[in-house]
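This report concerns only the one structure given below.
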Amino acid sequence: MSPMPRTMTANKNFAKALLMAFILLAVVPAATQARDRKDNGSEQSTEQKYPQATRKPPEQKVDSDLQAKIEKLFKAYQNKDAATVVQLADEVISNQKAGAYEHALAARIAGVTLLNNDNDKAKAYLEQAVAFDGLSNNEHYESMNLLSQMDLIDKQYDKSLALIDRFLAETKAQDPDSFVIKGNDLYRLKRYPEAIAALKTAIDASPEPKPEWLNLLMAAYFDAGQPQEATKIAEELIAKHPDDKALQLNLAASYMQAGQDDKAAALLEKLRTSGGLTQPEDYRNLYAMYLNHDKNKEGIAVIQEGLQKGVLKEDFETMNSLAQAYWFSGQSDQAIAAYRKAAPLAPDGETYLNLARALLNEGQMAAARQAAQQALDKGVHNPGDAKKILATGK
């Protein structure tokens with residue numbers, strides 16, 4: 001058979017893409033916690049959540065002239081009457097007689113009320129609550145932490161990072177959730193070594209690290225060029241959850257990124273046997289690994305199964321890969337049939353040129369010349385190869 005280049009390659013970007021599909025924002029649901037507070041947004045508990053905080057909390061006293069309005073504000077909050085809450089909060093905030101506590105309290109209640117309904121306005125009020133600097137440490141720092149999460153969700157990573165760094169510096173807190181926020185910000189800012197450090201701090205401090213934290217750490221290791229470390233995490237996760245398909249795919253992605261295609265193929269093959277491959281990428285990465293290791297028969301079986309199940313379509317990538325697998329396994333007729341389907345879908349004339357080579361090898365001169373001309377019409381890197389086939393037999 002005439003030589004023909006194999007162009008099939010495993011999709012190495014699949015590893016990162018797969019991980020990212022399972023990475024959540026990994027922030028604590030503080031918005032929901034704050035929205036459901038029973039104390040109406042005002043923390044009366046004497047328990048100090050941040051005993052090492054550098055901030056000295058100001059006096060929390062409501063002016064007698066504002067007492068009635070503050071009580072109405074609390075009642076509107078209890079009744080979930082957002083319109084009245086916002087109206088009363090704005091009146092308190094604009095009242096020149098009100099001090100830092102009344103201003104901050106009103107802004108916080110308005111912000112918490114609007115959470116999950118109008119987050120832009122909620123953020124604006126919570127930013128005011130922090131800026132007024134009149135709340136207890138518990139409320140002040142809870143607001144700051146919540147704002148950093150909201151900025152993260154809004155992809156304002158620099159702003160979120162600055163807030164969470166300030167929160168951690170002032171409170172001396174060591175809670176894992178806050179370090180996950182920091183790690184997430186750093187990861188999104190592509191500061192991978194720092195992200196790894198923050199995430200490891202969170203995970204080491206937690207008796208039960210959340211899977212999404214570990215997935216985020218895996219992604220940070222990938223992008224930091226440390227796929228072996230990502231693989232270790234994936235193996236630990238799969239050991240705890242052996243039947244979790246998402247984790248198995250993540251582990252396969254880890255193996256691929258680390259260049260351990262044999263392990264990745266074995267894991268994907270196990271999933272295929274159990275019916276666990278349901279996405280085109282699953283099949284593509286399995287057959288790509290087989291074809292890249294000259295396991296053409298295995299690759300053909302994977303492609304055919306994917307086509308039969310309707311998971312794979314007869315698109316260019318699939319049919320070109322199938323044609324090459326047939327060609328390199330010595331099945332010329334099947335290769336030609338697959339090339340005929342792939343060539344019209346190709347972005348250039350290279351597939352028509354491969355078809356021409358295959359036809360020429362089988363002695364089908366007229367068909368080979370026709371394919372060579374189609375290759376030239378569509379454009380090839382080396383027109384001379386196609387012209388040689390056109391001149392053959394004339």
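Any read-out appearing in this document is the output of simple, stated calculations on the displayed coordinates, not a laboratory observation. Predicted model only: the values in this text are computed from it and were never measured. Counting neighbours? That spans all protein chains shown, and the Cβs are built from the backbone with ideal geometry, glycine included.
Between Asn79 and Asn119, take the C-beta separation as r, use R0 = 30 Å, and let me know the FRET efficiency to the nearest 0.05.
Computed FRET efficiency for Asn79 and Asn119: 0.90.
Between 0 and 90 degrees, rounded to the nearest ten: what's the tilt of helix 137-153 against the longest Cα principal axis of the chain?
20
Starting at the first residue of segment 183-198, write each ³J(HN,Hα) from the Karplus equation 6.51 cos²θ - 1.76 cosθ + 1.60 with θ = phi - 60°, in whole Hz, x for Gly and Pro.
Going residue by residue, I get x, 5, 4, 5, 5, 5, 8, 6, 9, 5, x, 5, 4, 4, 4, 5 Hz, with x marking Gly and Pro.
Along each of the three principal axes of the Cα atoms of segment 319-394, give the extent in whole Å, ordering the values from largest to smallest.
29, 27, 16
Which log10 I(q)/I(0) values does segment 282-365 give at q = 0.15, 0.21, 0.25 Å⁻¹ under the Debye formula, counting every alpha carbon as one identical point scatterer?
Debye output, listed in q order: -0.49, -0.93, -1.21.
For Gln279 and Gln334, compute 0.36 nm times the residue count separating them, minus their Cα-Cα distance, and round to one decimal in nm.
17.3 nm
By how many nm would the segment from Arg166 to Lys72 grow when fully extended, if each residue of separation counts as 0.36 nm and the alpha-carbon distance is taken off?
So the chain would gain 30.5 nm between Arg166 and Lys72.
Could you state the angle between the C-alpha long axis of helix 332-342 and the longest principal axis of the C-alpha atoms of the chain, as a value from 0 to 90 degrees rounded to the nearest 10?
In the chain, helix 332-342 runs at an angle near 50 degrees to the longest axis.
Using only alpha carbon positions, build the gyration tensor of segment 27-173, then give the equivalent ellipsoid semi-axes as the square roots of 5 times its eigenvalues, largest first, whole angstrom.
23, 18, 13
Percent of alpha carbon pairs in the chain separated by more than 30 Å?
Within the chain, distances greater than 30 Å cover 58 percent of Cα pairs.
Per the Debye formula with a single identical scatterer at each Cα and no solvent contribution, what log10 I(q)/I(0) holds for segment 217-344 at q = 0.11, 0.12, 0.15 Å⁻¹?
These q points yield log10 I(q)/I(0) values of -0.42, -0.49, -0.72.
Please identify, among Leu251, Leu147, Leu189, the residue showing maximal mean-square fluctuation in a Gaussian network model of the chain using a 10 angstrom Cα cutoff.
Ranking Leu251, Leu147, Leu189 by mean-square fluctuation puts Leu189 first.
Can you give the Rg/Rh ratio of segment 161-235, where Rg is from the C-alpha atoms and Rh is the Kirkwood radius?
Result for segment 161-235 is an Rg/Rh of 0.97.
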